[in-house]
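To keep things clear, I will list the structure first and then write my remarks on it.
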Amino acid sequence: MFKVTIDGKTIEVQEGTTVLDAAKMLDIPIPTLCHHPKLTPFGGCRLCIVEIKGIPRPVTSCTTPVSDGMEVTTSNPYIEDLRKTVLELILSDHPNDCMVCEKAGDCTLQELAYFYGIRENRFEGERRIYTKRDGNPFIERDLEKCIMCGRCVKVCDEVEGVGAIDFGYRGFSSKICTPFGKDLNCEFCGQCVAVCPTGALTGKMWKQKGRQKDIKEIETTCPYCGCGCSLTLHVRRNEVIKITSREDTLNEGWLCVKGRFSYSFINSPDRLTKPLIRIAPKDQSNPPLPPFVKGGRGGINNSLLVTRYSSLFREASWDEAVDYIAKRLKTLKDKYGPDAIAGLSSARCTNEENYLFQKFMRAGIGTNNIDHCARY
Amino acid sequence: MQKNNLKKVIVRVCIGTGGLAAGGKEVIDAFKKEISDRCIDIDLDFTCHYQKVGCRGFCARDVLVDVVDGDKSLTYQCIKPEMAARIVDEHLIGGKPVKEWLIDDTYYAFHAKQKKILLKDCGTIDPEDINAYIDVGGYSGIKKVLSEMNPEDVISEIKASGLRGRGGAGFPTGLKWEICRKTPGDTKYIICNADEGDPGAFMDRSIIEGNPHSVIEGMMIAGYAVGSDHGYVYIRAEYPFAVERLRLAISQAHERGYLGKNIFGSNFGFDIKVKLGAGAFVCGEETALIASIEGQRGMPRAKPPFPVHHGLWGKPTVINNVETLSNIPYIIRNGAQWYASIGTEKSKGTKVFALTGKVKNTGLIEVPMGITLREIIYDIGGGIIGDREFKAVQTGGPSGGCIPAEMLDIPVDYESLAQVGSIVGSGGMVVLDETDCMVNIARFFLEFTQAESCGKCVPCRIGTKRLLEILDRITKGLGREGDIELLQKLSSDIKAASLCGLGQTAPNPVLSTIRYFREEYEAHIRDKKCPAKVCRDLLTYYIIEEFCKGCGACLRACPSGAITGEKKKLHKINPDICIKCGACFEVCKFKAVGRE
């Protein structure tokens, strides 16, 4: 254990703890931008600089491990002045269009600019100009707002293990790049979006759907797979406009592309919300269609099929639907035996649900004909 | 008919970087051709051997050719291929040296105040032949170390020598080795930093090109001292000859068994890998260099932990500069006392500088620490070209500062140069004269550091850009009141807040030029004038009426049609059309074109 004194308060911490973490334990605030508690330290934004007795120049608290007897000053006029210069430099190369930025109100940079009261900028100058060009439906990359904190690069590498992006180019022109500068083409998990401290990375589908006002945050569990990640739905006027996940959850705030971005089904008009029971026998419901229609585009006319099918179903209550299923299963079992029935389950169900399903098939129906996209 | 016992004549030609650029290869070919042409007609009473040697230092007089006839060695300067025939005829065959082509007093003056340790062998032995190095005592250092000394002895010997890192920071080499030796770990690495990137610097390049084995031997000794069996040389890919000769030297050392396992029958084994840089200046920074070797983007990381504790692949690593390592064999061979007797109290030994800029004798020099800048510039360098007025000397490359005339008598050592706002650095020394604009010089170096910033940390990425923008507008006549103070404030903040040495030193050229040449900045900002007449946007060209003869030379030279006037009558420059190219100024024989 190392004894370290920060701003006059002393604490004992384990070897390897950074000055920033030790300060956090003492509830001493140090401003950060590039630091993320779940990623390796970077030391790029230079905001978390502190003075340490015996070291001639200020050092970044996020990268410096404590040593025994260390004496740290986290704030004094000199340090605050340096931080202000650094912030001004960042803002001098930033669009400052907070009025229309998706991230406003939830933006670390905006927050810091507020606390440091930066309105005028001594270092105004050239700003990087990039055109947005990604064609994907999920991630909006606005490189002009990027502060090069590198969190996206690290989360992609260290958490996702994908490495779809990295630093490229030098000096003022350096930027976060895809391979060969092509369109972003990854698994679109959006972890980079989740860790971005500015509006440089946002969800495309969040655009102009609402920021902080009238937003209700609702905790729920992701329906997509058995992992059961915790989700926070951002709901405005009874519509989910964004999904995030908190860091203190079992999934540590990490999500995949489905959990984060695939929520449009909730309000989709195509969504099944009630059980449907077929009202015409199967063979009539599906008349053979000509494989190729002369003069047409060929293949099957989807819209025609949908109308035909939907007209052959009727809405029912859950009780009625379950009774109907039970009746039909029983009839089939009596007539053809239990092995005439097979059950297919889904990886999107939870473990418990899948357990119940196999139990139902084996004990209830009496067959081993069960399978599942990820196999039992 | 072949005669026996012919005397042996050696023609030694410089093929260092400067020599090659001046045509060293063509000169050798010319000598070979002339000799073989004459073989047909006459029986020569000698056999000619051609020896390619590394940098001789005096690049301004390249190609330098030695003709060694027995004990007598004569040196020719500024040799072109077409001059070979006369030297062969008159000197080699006729026995009478071509006097007017021989080196003169300047050559001796250039060398008089130098103290050559590293460069001595550099210019006399064939870098492509391991035997040449062995003949001058090469590899006796490692032999001595392996047979007589234990690693601790080696470290204390290096410590006693007072050798400090020649990469720029001047950290005591022996201490670095000692820390690394004491750091627990089975695997340790020695890295030779040959990523020399300062504009105008070619010390490391010349050493590797001229005497690659000394670097290898230095690395081996370092490896033995710290307990490492693996070395890397991280070298710029832009140095193809150095890479080629280094690789050749490594393979020759392998063939001899000097590299590999059980060197000289001992338990010690050492191997060296060559890793090429991809053209990033920042990779000269040790943590960025390590990242680059590991296959990562060359980006520095925060220290501590230092490489001696947590270096390449997370193992304890010693990173030394080429020149530092090249010093090691000589220290071991001649003893720490000998080395410590050269130099000043805190800076021992010699330092190699690349002397460039507006000095008459440009080249590679090796001087004892503590020599004054005046001696370097006026005695070795021969003064300023055209006997113009000296203005400043820029040391340490883009990380260094400009030292003005009134400080020429300070000794060249780590502390003195730091005191006046510059650094020894890796050894670039650019001499500036009255025709150099100091604002423009600062702008030039900022342009370089800004372009070479890795972009990781904010002060360096954006701060140097803003410095450059402010300097840019000052040189364009758009400077504002308060710009100097803003430059100073931003510079000191960048120095304090940047992550690595690149950002921490990048503002040095700005700060030192403001410190010593503030009036030039003020002239740019307040009077919109460039005293050195360099900044194009601040110049106006005009015709001086009393001198103009109406010859029309300026009119014809003007590319933009800004000059009007009839023959034999006064000409006029229209400032609205003038693009300030200076063509009229250059072409006027009557000095009738004025420039302000």
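The values are calculated or read from the model by the stated rules, or taken from the named source; none is laboratory data. Quantities reported herein were computed from a predicted structural model and do not represent experimental measurements. Because the Cβ atoms are built from the backbone with ideal geometry, glycine has one as well, and the counts that use them run over all protein chains shown. Note: accessible area is taken over every heavy atom of the protein model, side chains too, but ligands, DNA and RNA are not part of it. Shrake-Rupley method; radii C 1.70, N 1.55, O 1.52, S 1.80 Å.
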Could you tell me whether B:Cys460 is within 14 Å of chain A (Cβ to nearest Cβ) and outside any helix (DSSP H, G or I)? no
Handout entry: Some residue of the range B:506-516 being within 14 Å of chain A (Cβ to nearest Cβ) and not charged (D, E, K, R)
Key = yes
Within the range B:444-475, the residues that are of a type in the set (D, E, K, R), over 23 Å from B:Glu522 (Cβ atoms) and in contact (Cβ under 8 Å) with a residue 12 or more places away in the chain are B:Glu452, B:Lys456, B:Lys465
Among A:Lys84, A:Lys53, A:Lys38, the single one that is under 20 Å from B:Ser491 (Cβ atoms) and of a type outside the set (Ser, Thr, Tyr) is A:Lys84
Counting only residues in the range B:427-444 that are open to solvent by less than 10 Å² (accessible area, probe 1.4 Å) and not aliphatic (A, V, I, L, M), the one farthest from the other protein chains (Cβ to nearest Cβ) is identified as B:Asp433
Given the conditions (1) crowded, with 24+ Cβ neighbours inside 10 Å; (2) within 14 Å of another protein chain (Cβ to nearest Cβ); (3) part of a helix (DSSP H, G or I), every one holds for B:Leu417 apart from (2)
The helices (runs of 4 or more DSSP H) lying entirely within the range B:193-303 that contain at least 3 residues which are of a type in the set (Lys, Arg) and touching a Pro at 6+ places or on another chain (Cβ under 8 Å) are none
Condition set among the hydroxyl-bearing types (Ser, Thr, Tyr) and within 28 Å of A:Asn369 (Cα to Cα), scope the range A:301-352, selection modelled with the lowest pLDDT: answer is A:Thr350
Subset of the range B:489-546, residues open to solvent by 10 Å² or more (accessible area, probe 1.4 Å), of a type in the set (S, T, N, Q) and assigned to a helix (DSSP H, G or I), comes to B:Ser492, B:Gln504, B:Thr505, B:Asn508
The correct count of residues that are more than 16 Å from B:Val63 (Cα to Cα) and assigned to a helix (DSSP H, G or I) in the range B:111-144 is 17
Based on what the data block shows, is B:His49 open to solvent by less than 70 Å² (accessible area, probe 1.4 Å) and in contact (Cβ under 8 Å) with a residue 12 or more places away in the chain?
no
Checking B:Gly397, B:Gly455 in turn, the sole residue that is open to solvent by less than 10 Å² (accessible area, probe 1.4 Å), on the phi > 0 side of the Ramachandran plot and over 19 Å from the mean Cα position of the chain (by Cα) turns out to be B:Gly455
Over the range A:1-60, the set of residues within 11 Å of chain B (Cβ to nearest Cβ), among the basic types (Lys, Arg) and over 29 Å from the mean Cα position of the chain (by Cα) is A:Arg57
Expected output for the range B:557-581 (first residue in the same structural domain as B:Ile544 (by TED's automatic domain parsing), partner among the aromatic types (Phe, Trp, Tyr), Cβ below 8 Å, 6+ apart or cross-chain) is B:Ile573/B:Tyr541; B:Ile573/B:Tyr542; B:Pro575/B:Tyr541; B:Pro575/B:Tyr542; B:Cys578/B:Tyr541; B:Lys580/B:Tyr541
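Conditions (1) in contact with a Leu (Cβ under 7 Å, 6 or more places away or on another chain); (2) under 27 Å from B:Cys14 (Cα atoms), marked per residue:
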position: B:Cys192; (1), (2): yes, yes
position: B:Val233; (1), (2): yes, yes
position: B:Ser251; (1), (2): no, yes
position: B:Cys283; (1), (2): yes, no
Counting only residues in the range B:425-453 that are part of a loop (DSSP other than H, G, I, E, B) and within 15 Å of B:Gly200 (Cβ to Cβ), the one modelled with the highest pLDDT is identified as B:Asp436
The one condition A:Asp106 fails out of (1) in a helix (DSSP H, G or I); (2) more than 9 Å from chain B (Cβ to nearest Cβ) is (1)
Filtering the range A:109-153 down to residues that are more than 12 Å from chain B (Cβ to nearest Cβ), touching a Gly at 6+ places or on another chain (Cβ under 9 Å) and either open to solvent by less than 50 Å² (accessible area, probe 1.4 Å) or not in a helix (DSSP H, G or I) (or both) yields A:Phe138, A:Ile139, A:Glu140, A:Asp142, A:Lys145
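Out of the residues in the range B:313-329 that are surrounded by fewer than 24 Cβ atoms within 10 Å (Cβ to Cβ) and part of a helix (DSSP H, G or I), which is nearest to the other protein chains (Cβ to nearest Cβ)?
By that ranking, first place goes to B:Gly314.
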For this session: Consider A:Thr64 carefully, then state whether it is within 11 Å of chain B (Cβ to nearest Cβ), of a type in the set (S, T, N, Q), in contact (Cβ under 8 Å) with a residue 12 or more places away in the chain and open to solvent by less than 10 Å² (accessible area, probe 1.4 Å).
Result: yes
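Of all residues in the range A:154-210, count the ones that are polar (S, T, N, Q), within 14 Å of chain B (Cβ to nearest Cβ) and in a loop (DSSP other than H, G, I, E, B).
2
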Filter result for B:Val359 (crowded, with 19+ Cβ neighbours inside 10 Å, of a type in the set (A, V, I, L, M) and out of contact with any Ser or Thr (no Cβ under 9 Å at 6 or more places or on another chain)): yes
By residue number, the members of the range B:484-497 that are at the interface with another protein chain (Cβ under 10 Å from one of its Cβ atoms) and over 26 Å from the mean Cα position of the chain (by Cα) are B:Leu486, B:Lys489, B:Leu490, B:Ser492, B:Asp493, B:Ile494, B:Ala496, B:Ala497
Filtering the range A:245-276 down to residues that are surrounded by fewer than 18 Cβ atoms within 10 Å (Cβ to Cβ) and of a type in the set (Ser, Thr, Tyr) yields A:Thr249, A:Ser262, A:Ser264, A:Ser268, A:Thr273
Residue hits (the range B:4-46; of a type in the set (Lys, Arg) and open to solvent by 90 Å² or more (accessible area, probe 1.4 Å)) are B:Lys8, B:Lys25, B:Lys32, B:Lys33
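Restricting attention to the range B:52-73, which residues are open to solvent by 40 Å² or more (accessible area, probe 1.4 Å) and either among the charged types (D, E, K, R) or within 30 Å of B:Glu244 (Cβ to Cβ) (or both)?
Scanning the range B:52-73 gives B:Lys52, B:Ala60, B:Arg61, B:Asp69, B:Asp71, B:Lys72, B:Ser73.
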Going through the range A:226-235 in order, the residues found to be open to solvent by less than 50 Å² (accessible area, probe 1.4 Å), assigned to a loop (DSSP other than H, G, I, E, B) and on the phi < 0 side of the Ramachandran plot are A:Gly226, A:Cys229
Residues of the range B:289-298 being within 12 Å of chain A (Cβ to nearest Cβ) and at pLDDT 95 or above, in sequence order, are B:Ala291
